[in-house]
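**Student:** Have a look at this one.
The values are calculated or read from the model by the stated rules, or taken from the named source; none is laboratory data. Remember, predicted model here, so these are calculated numbers, not experimental data. As a convention, Cβ positions derive from the backbone with ideal geometry for all residues, glycine included, and neighbour counts pool all protein chains shown.
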Amino acid sequence: MERKIRVLVAKPGLDGHDRGAKIVARALRDAGMEVVYTGLHQTAEMIVESAVQEDVDVIGLSLLSGAHMTLFLDVTQLLKKKGIEDVLVVGGGIIPEEDVPKLKKAGVTGVFGPGTHCEEIVEFIRKNVKR
Amino acid sequence: MNEIVAKVLKGDARSIARLITLAENNDPDVMSAMKDIHPHTGNAYVIGITGVMGSGKSTLIYELTREYRQQGLKVGIIAIDPTSPFSGGALLGDRVRMMELATDDGVFIRSMGTRGMLGGLTSAVYDVVEILDASGKDIVMVETVGIGQAEVDVIKIADTTLVVLVPGLGDSIQTIKAGVMEIADIFVVNKADRSGVEQTIAEIESYIDIANTDRDRKTPVLSTIAKESKGISELIYEIDKHREYLKKTKRFDAQRRKRYEAELVEIIRKRLMDFIFDEPKFTGKVESLIDQMSKKEVDPYTAADEILGKILK
């Protein structure tokens, strides 16, 4: 039986703009994935704990507030601390070009800015899931 | 014993989560794991929560869980949402209302897609209830998909079934009475701050007066405003009362026996279907029979007999 890719979509921190996250969530569902949507104002602890319980393959973070260097990295650091290595982390939102390499180095493997086609995200996830 | 099972029995969240995934994916390893899990089950009380879309089932579960946590009980939650029949994907959004519980290690929440099952549940739900039960949860709540008329499978797995309605359904109570109205152990009219609540309660009461077949117990109708935490302790009191009633009247064991029956039927159904439709020597035969049916060369019953005949001999 075919395994379904499970993705947690979360909005960390103080940012009420969830249209992008919802569009991506829908696109992933339409690509046959199971998407757990957690909503707004999440802490890194809530996101990582939910990812553990839901046994997801991917965590997708969305942030438009500019605090991604703190909030995305809180998540990757907490994953590392808990010894969770088989979860792919991707992020999207308003992210300046110069931050992208730093995010990738810190474990946010895929970074997607405005104008990204949803198919691109789907392809990236399919290629890079770790199990 | 299986290493993952040993960890599940200790309540380790990552192992519980991984074993649930194996069960969901019908993984061959799950069979031996469930053999070791089964003897450790039977302690958790299972509450089914069903009701129309948007009736506030998830918020109600959140509030019930907070109350049970204050009593020191551990809670497992299975939240089921529909799988798209077209893409096979699913948007699982019940967690949004429960995120405050995410970091409580006495609570385990799992979102699941129906993956082709009708009836409001998902095929692996029996395994998942057993896994959560064995992991030491005192209460397991199963939230079905938002229902219409026929999604009544939750009674196969729940000890107490809550049917959640909202004011202003009006005549639709008439239309849903056929299936869904019959399965309630407790009716909950949520969002009771909306207008029309008295009328909705009256309609349910009059339905119960006609339909109640159990002489020992009248199905209670409660009103709640889950998002303001109103009516929750009263609801827990009624759940406890129903639990005592089941124990006192010996219905509890009979009901649990029915759950095992449903579980057995589901496992056999799943394995038979896999056997027929995933087995290469049958798939060709199935396809050609469908072609023959389209051309009116064979009727549906004869076609079914051809397949079944190959298995049953």
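**Student:** Name the residues in region B:214-231 that are more than 21 Å from the chain's Cα centre (by Cα) and in a helix (DSSP H, G or I), would you?
**Tutor:** If the condition is that a residue be more than 21 Å from the chain's Cα centre (by Cα) and in a helix (DSSP H, G or I), then B:K227, B:E228 are the ones that fit.
**Student:** Quick check on B:R256: is it surrounded by 13 or more Cβ atoms within 10 Å (Cβ to Cβ) and either without any contact (Cβ under 8 Å) to a residue 40 or more places away in the chain or touching a Leu at 6+ places or on another chain (Cβ under 9 Å) (or both)?
**Tutor:** Considered against the rule, which asks whether it is surrounded by 13 or more Cβ atoms within 10 Å (Cβ to Cβ) and either without any contact (Cβ under 8 Å) to a residue 40 or more places away in the chain or touching a Leu at 6+ places or on another chain (Cβ under 9 Å) (or both), B:R256 comes out as no.
**Student:** When the residues of region B:294-313 are filtered to those that are modelled with pLDDT under 90 and within 33 Å of the chain's Cα centre (by Cα), which remaining residue is nearest to B:F275 (Cα to Cα)?
**Tutor:** The extreme case among them is B:I311.
**Student:** Give the residues of region A:17-41 that are crowded, with 22+ Cβ neighbours inside 10 Å and within 10 Å of chain B (Cβ to nearest Cβ), sorted by residue number.
**Tutor:** Scanning region A:17-41 gives A:A25, A:L28, A:R29, A:M33, A:E34, A:V35, A:V36, A:Y37, A:T38.
**Student:** Then there is this: Just to be sure, is B:G54 outside any helix (DSSP H, G or I), on the phi > 0 side of the Ramachandran plot and either more than 14 Å from chain A (Cβ to nearest Cβ) or under 19 Å from the mean Cα position of the chain (by Cα) (or both)?
**Tutor:** Taking the combined requirement at face value, the residue satisfies it.
**Student:** Which of (1) out of contact with any Leu (no Cβ under 6 Å at 6 or more places or on another chain); (2) assigned to a helix (DSSP H, G or I); (3) over 16 Å from A:G110 (Cβ atoms); (4) more than 8 Å from every other protein chain (Cβ to nearest Cβ) is the odd one out, the single condition A:V48 does not satisfy?
**Tutor:** Result: A:V48 fails condition (1) only.
**Student:** Just to check your reading of the model, which residue among A:A67, A:A31 is hydrophobic (A, V, I, L, M, F, W, C), at negative phi, out of contact with any Phe, Trp or Tyr (no Cβ under 8 Å at 6 or more places or on another chain) and modelled with pLDDT of 95 or more?
**Tutor:** It is A:A31.
**Student:** Criterion first (touching a residue at least 24 places away in the same chain (Cβ under 8 Å), within 14 Å of chain A (Cβ to nearest Cβ) and buried (at least 18 other Cβ atoms within 10 Å of the Cβ)) does B:A33 satisfy it?
**Tutor:** Here the answer is no, as B:A33 does not meet what is asked.
**Student:** On to the next question. Any residue at all in region A:57-67 that is of a type in the set (D, E, K, R), in contact (Cβ under 8 Å) with a residue 40 or more places away in the chain, in a loop (DSSP other than H, G, I, E, B) and facing chain B (nearest Cβ under 8 Å)?
**Tutor:** The answer is no; no qualifying residue exists.
**Student:** On the given criteria, is B:T65 away from chain A (no Cβ under 12 Å), in contact with a His (Cβ under 6 Å, 6 or more places away or on another chain) and not charged (D, E, K, R)?
**Tutor:** No; evaluated as a whole, the condition is false for this residue.
**Student:** Now for a different question. Return yes when B:V46 is under 19 Å from the mean Cα position of the chain (by Cα) and more than 9 Å from chain A (Cβ to nearest Cβ) and no when it is not.
**Tutor:** Here the answer is yes, as B:V46 does meet what is asked.
**Student:** Please work out if A:D30 is farther than 19 Å from B:I78 by Cβ and either touching a Leu at 6+ places or on another chain (Cβ under 9 Å) or among the charged types (D, E, K, R) (or both).
**Tutor:** Yes.
**Student:** Being of a type in the set (G, A, S) and either crowded, with 20+ Cβ neighbours inside 10 Å or facing another protein chain (nearest Cβ under 8 Å) (or both) is the filter here; which residues of region B:73-122 pass it?
**Tutor:** B:G76, B:A79, B:S84, B:S87, B:G88, B:G89, B:A90, B:G93, B:A102, B:S111, B:G113, B:G120
**Student:** Same structure, new question: Quick check: is even one residue across region B:132-145 in contact (Cβ under 8 Å) with a residue 12 or more places away in the chain and within 12 Å of another protein chain (Cβ to nearest Cβ)?
**Tutor:** Taking every residue of region B:132-145 in turn, at least one turns out to be in contact (Cβ under 8 Å) with a residue 12 or more places away in the chain and within 12 Å of another protein chain (Cβ to nearest Cβ).
**Student:** Have a look at B:T122, B:T161 and point out the one that is at pLDDT 95 or above and within 11 Å of the chain's Cα centre (by Cα).
**Tutor:** Exactly one of B:T122, B:T161 is at pLDDT 95 or above and within 11 Å of the chain's Cα centre (by Cα), namely B:T161.
**Student:** Please work out if B:F275 is aromatic (F, W, Y) and either under 30 Å from B:D159 (Cβ atoms) or surrounded by 13 or more Cβ atoms within 10 Å (Cβ to Cβ) (or both).
**Tutor:** Judged against the criteria, B:F275 is not a match.
**Student:** Given the criteria buried (at least 21 other Cβ atoms within 10 Å of the Cβ), at pLDDT 95 or above and of a type in the set (D, E, K, R), does B:E63 qualify?
**Tutor:** When the stated conditions are applied, B:E63 passes them.
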